[in-house]
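One structure below.
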Amino acid sequence: MKKGLNLTELFATEEQLEKAIMVGVWFSKSPNANLDLEGSLEELAFLAETAGIEVVGEISQNLTHPHPKTYIGSGKVEELKMLVDELGADLVIFDDELSPRHQRELEEVFGNNTKVIDRTALILDIFAQHADTAEGKLQVELAQLNYRLPRLTRAWTHLARQAGGGGGRTGSVGGVGLRGPGEMQLEVDRREIQKKISKLEEELEKVRERRARHRSQRKKTNIPVATLVGYTNAGKSTLLNAITSAEIYVADQLFATLDPTIRQLQLPGGTEILLSDTVGFIQKLPTQLVAAFRATLEEIKEADLLLHIVDASHEHYHEQSLSVLETLQEIEAGDIPILTVYNKIDLLDAEARQDLERMAGANAFVISARTGEGVESLQEAIADELFSGQLMVKVLLPYSEGQLVSIFHERGNVINVEHLEEGILMYGRLPREILPYFEGFIQ
């Protein structure tokens, strides 16, 4: 029996994907993105470049709603087909997610030598290329399978047409249709994928439970957690490396980092926190990825403070930041305190920097993670935000005051402890409301 399709068969090989034409549609009655059509296609081109694809042309159309059969109008389909033939493109990339029917109908128009994929498929392919850890690979595979399952019908149409004799129709006995080899293989593939999805979901639930245990243990240490969030390629990993020496992979490409990284960060004054980096967001983030990366995204929901990193050098940084804020609301993290950090100011000229600083105001920070400019002020602001209700104190507690020692560890933030002959010398931050308990021991 023929085995089920491999995941990678959804996408062509790198050689086949060498030339692509992008297709963008702007729906006048229901614009569904922060970026305009031009900005969205620029981003799609960057995604294609990240995936190793050369974009050789683009085509766009304004519509009130998608064409039920081919997504774009019939005249535009013919124009696109002519462009595909003229430029020798073997891949067409739509900027929005296509239904299985749209994909199938368009591929029939273009023929076997031209594949049609959408923005979601392209992002999934990039995630598959960049997933390095076992957890990352599990999450990406689950997202790919959920995307692929409803699209299986197009993989076996050539066999279905051969089933049952003349005209491609299946025969029947007693009114019951006989299933041809294509349909039988399709059902086998569908069952195999559903079984695999169930297994992956079970494995990722274990990952989720393990992460929850780790978060619970971190909370017991009473060390605050700040999490970096932002649009992909905004410079989150560069900032994490700059202030924690994390040495995680950094590249000028989309989704260079998929797996969360947590490092200790010593703030001015000696206070320690945990700083975590997460996968970057993007507009039209595939729902399959949001679901598959639930365990990872829950790290964001449990943070005490979010640092929203914005690429200030990007032409559409305002629209990108709106997409991030919308995604935070979608994953129920919109109520967490947030500091906005405008990064990459080293790429701006003097006038642009002045405009940014004027626009940012007092509640935002302007930095360059690459050069370090503004980073120290940002760290001071993080300390103020996380410990605004606490005071730095030094206390000498007699050994008989074990309960106060425990309270300091549980409710405060301990920076240093020394065991002296006369007692335990503790230095760190304590909430204002419990300071009276330590009054007689403050040094």
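Of the numbered criteria (1) on the phi < 0 side of the Ramachandran plot; (2) without any contact (Cβ under 8 Å) to a residue 60 or more places away in the chain; (3) over 24 Å from the mean Cα position of the chain (by Cα), the one Leu87 fails is (2). I need the full set of residues from segment 65-97 which are of a type in the set (Val, Ile, Thr) and either touching a Ser or Thr at 6+ places or on another chain (Cβ under 6 Å) or under 11 Å from Val23 (Cα atoms) (or both), in order please. Hits for segment 65-97 are Ile72, Val77, Val84, Val92, Ile93. For segment 60-102, what are the residues that are closer than 18 Å to Pro286 by Cβ and surrounded by fewer than 21 Cβ atoms within 10 Å (Cβ to Cβ)? Pro66, Asp96, Glu97, Ser99, Pro100, listed by residue number.
When you check Ile193 against the structure, is it modelled with pLDDT of 50 or more, under 21 Å from Phe127 (Cα atoms) and either under 36 Å from the mean Cα position of the chain (by Cα) or not assigned by TED's automatic domain parsing to the domain that holds Gln320 (or both), yes or no? It would help to see each step written out before you state the result.
On the way: modelled with pLDDT of 50 or more: yes; under 21 Å from Phe127 (Cα atoms): yes; either under 36 Å from the mean Cα position of the chain (by Cα) or not assigned by TED's automatic domain parsing to the domain that holds Gln320 (or both): yes.
In short, yes.
Residues checked against (1) among the basic types (Lys, Arg); (2) more than 25 Å from Glu376 (Cα to Cα); (3) modelled with pLDDT of 90 or more:
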residue: Leu200; (1), (2), (3): no, yes, yes
residue: Leu239; (1), (2), (3): no, no, yes
residue: Ala246; (1), (2), (3): no, no, no
residue: Gly270; (1), (2), (3): no, no, no
residue: Ile282; (1), (2), (3): no, yes, no
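With respect to (1) surrounded by fewer than 17 Cβ atoms within 10 Å (Cβ to Cβ); (2) at pLDDT 90 or above, the lone exception for Asp132 is condition (2).
Among the conditions (1) over 19 Å from Val375 (Cβ atoms); (2) part of a strand (DSSP E or B), the only one that Ile223 does not satisfy is (2).
Screening the candidates Ser198, Ser216 for the property of being within 25 Å of Ile338 (Cβ to Cβ) and assigned to a helix (DSSP H, G or I) yields one hit, Ser216.
Within the group Leu347, Leu322, Leu425, Leu328, which residue is in contact with a Phe, Trp or Tyr (Cβ under 9 Å, 6 or more places away or on another chain) and of a type outside the set (Phe, Trp, Tyr)?
Values: Leu347 fails: in contact with a Phe, Trp or Tyr (Cβ under 9 Å, 6 or more places away or on another chain); Leu322 fails: in contact with a Phe, Trp or Tyr (Cβ under 9 Å, 6 or more places away or on another chain); Leu425 fails: in contact with a Phe, Trp or Tyr (Cβ under 9 Å, 6 or more places away or on another chain).
The conditions single out Leu328.
Scanning segment 271-290 for residues that are within 23 Å of His316 (Cβ to Cβ), buried (at least 21 other Cβ atoms within 10 Å of the Cβ) and among the β-branched types (Val, Ile, Thr) yields Thr278, Val279, Ile282. Specify the residue that is surrounded by the most Cβ atoms within 10 Å (Cβ to Cβ); the eligible residues are those in segment 296-322 that are modelled with pLDDT under 85 and more than 24 Å from Leu122 (Cβ to Cβ). Selected residue: Glu299.
From the list Gln185, Gln144, the one residue that fits, being surrounded by 14 or more Cβ atoms within 10 Å (Cβ to Cβ), modelled with pLDDT of 85 or more and not hydrophobic (A, V, I, L, M, F, W, C), is Gln144.
The values are calculated or read from the model by the stated rules, or taken from the named source; none is laboratory data. Computed from a prediction, not measured in an experiment: that's the story for all the values here. Note: ideal-geometry Cβ built from the backbone for every residue, glycine included; neighbour counts use all protein chains shown.
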